[in-house]
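Please read through the structure below; I'll follow up with questions.
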Amino acid sequence: MASLPLALTHNRDVPFAALSLAPIRRLARYILVCGILVVIYHLLTSTTSPFSDQNKPIRLRESPSLQTSLAAVKLKPNIPRVLFAVSELEQMPAGMMNLACHMAQQSHYSVHILALGLSQLPIEFMRMASGMAQGDCPLTIHDARAGRSSYDPADPRVTSEAIHSVARTIEVIRPASIFHVELDDEPEYMKEALGIVNERFRIPLARVGSESLSWISTLDPYAIQAWHTPKFEIIIHGASHLGSLLRLVDSLVEADYIKQEPPRLTVHTHFAEAQEGKLLAERLSSWPPDRLSVQNHIQPYTALQPFESWYPLSDNTFGVFLSAETELTSLWFHYVKLAILSTLYSENSKINARAGRIIGAFSLSQDGHQSSDSSQSSAVVRKIMDMNSTVITPHAFRSVHECLNGQLPSNYSGEALSVEVDKCVKDSGFAVLHPMTSFCQSNAEDFAMSLDEEEFLLRGITDISGWKEFMDDTL
């Protein structure tokens, strides 16, 4: 029997087109999965910084370490906080680190350091490298760094995020004052961020960076809050010899003003030739022009000139009177700052005022009654004021000026003037503070200038708070 050919059958339920596209769909799914895997692998292994996209924000504000340290802050009542802000913690000068530790060791301060740099070194590593053992240096470090060093510090987003980090830290710890530890190669974003935040919160901001500021740890919170309150105007008188005047000007130009603008400077001269004025202008070329005045007198110098050359218009403006025969040490401004803040703006100043102990002038020279080999370790209070190297308070100057105006005869001699000044100083009731070591030397006299300013700053002025000998020693 012959076999019949098999009839072709067709499944009418499945379209022929679907059967032909199924492999293509499977291939498309395979390609899609492979593509996703390639993208994930690329993201995991790529060395391209996520900050390279100029449209993406830098997530400094979401630093887990900053959030953690701020969340752990416990504010103690009546304990002021002090904030040190530094761009690169590992570059923080040893003197500033010691200052922060000294303040942290005192019971009346809570000290915090805010690190805003780009370093990737662990904070604890830098703490150990700097010798800041947790027990010996009980301060808190807040890490607001980016965690990467691959982006440009000039990027405006860096400034924006630094502003946020500083503002957020200030909102949490509410510091009484801020010390900006300014490095030699300080990035611009650091200065701009602190400047903007300072305008917003109005917290005293001090720019520091010197190695000779350990005396700040002796100031109480009231004095530190008044960091920018006292202003200074320098008055140079008796400039008849150009050589001595130029040496004094050089010492003023080279002095350390603690990252502040130098004081206003007025020079009273008696030059007969224009060439002398040109030489003086060359030496003062680096002094800010808007803070400089030179007055060349036709008549020779008189002993009354210091009292006619200046008058304070503010209760916080101090006159620095210098003879042209004087030369200053580089740290003279440190001493003046410490002396005025600790005696006139601290909590002890109120106690002294109520007790009738009023400092009216701060001499830059050691008291003449001390011997050169004296072991005196504190400042000396006297009633004699020397206008050749003295910083005078506005109240004291007004009192002496009024007294001289009423008692000085019309025809006076230099000797009579000195007698009247001493009498007016004693009648005014204020005292003159002399340092343990001199911060100036007189070119008219032959004596050595002390180089031990830092020793004095640490153990001199701070001993003046009691003044037990005041009534017996100075009246």
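The values are calculated or read from the model by the stated rules, or taken from the named source; none is laboratory data. The structure displayed is predicted, hence computed values, not measured ones. When we count neighbours, we look across all protein chains shown, and the Cβ atoms used for this are built from the backbone with ideal geometry, even at glycine. Protein only, heavy atoms only, side chains kept; ligands, DNA and RNA dropped before computing areas. Shrake-Rupley method; radii C 1.70, N 1.55, O 1.52, S 1.80 Å.
Which of the residue pairs LYS259/LYS426; LYS231/LYS278; LYS74/LYS191 have a Cα-Cα distance greater than 32 Å in the structure shown? Don't jump to the answer; show the numbers that get you there.
Numbers: LYS259/LYS426 37 Å; LYS231/LYS278 29 Å; LYS74/LYS191 28 Å.
The pairs that break the limit, which is 32 Å between Cα atoms, are LYS259/LYS426.
If you don't mind, another one. Provide the gained length on full extension for the span ASN405 to LYS423, in nm with one decimal, where the gain is 0.36 nm per separating residue minus the Cα-Cα distance. Working shown, then result.
Values: separation 18, 0.36 × 18 = 6.48 nm, distance 1.30 nm.
Separation in residues times 0.36 nm, less the Cα-Cα distance, equals 5.2 nm.
Okay, next question. Kindly report, to the nearest 10 Å², the accessible surface of CYS440 as traced by a 1.4 Å probe over protein heavy atoms only.
Accessible area, nearest 10 Å²: 10 Å².
Amide H neighbours of SER177 under 5 Å, counting only residues 5+ apart in sequence or on other chains, H built in-plane at 1.01 Å?
LEU83
With a cut-off of 11 Å, note down the residues of region 286-313 whose backbone N falls inside the zone around a label point 7 Å from the Cα of TYR412 toward its beta carbon.
What the label zone holds, given the 11 Å backbone N cut-off, is 303-308.
A follow-up question, please. Working out 0.36 nm times the residue gap between ARG174 and SER309, then minus their Cα-Cα distance, what length gain in nm do you get to one decimal?
Here the answer is 44.3 nm.
Let me understand region 181-305 better: what is its radius of gyration from the alpha carbons, and its Dmax, in angstrom?
Every Cα atom of region 181-305 included, Rg and Dmax give 18.7, 52 Å.
Assigning unit charges at the beta carbon (Lys, Arg +1; Asp, Glu -1) and nothing else, what dipole magnitude in debye, to the nearest 20, does region 186-304 show about its Cα centre?
Values: 11 positive and 15 negative charges, 57 e Å.
Here the size comes out at about 280 debye.
Another question, then. Measuring with a 1.4 Å probe in the full set of protein chains, what accessible area per residue, in whole Å², belongs to region 292-338?
Values: 1940 Å² over 47 residues.
Heavy-atom SASA per residue in region 292-338 reads 41 Å².
Roll a 1.4 Å probe over the protein heavy atoms and report the accessible area of LYS423 in Å², nearest 10.
90
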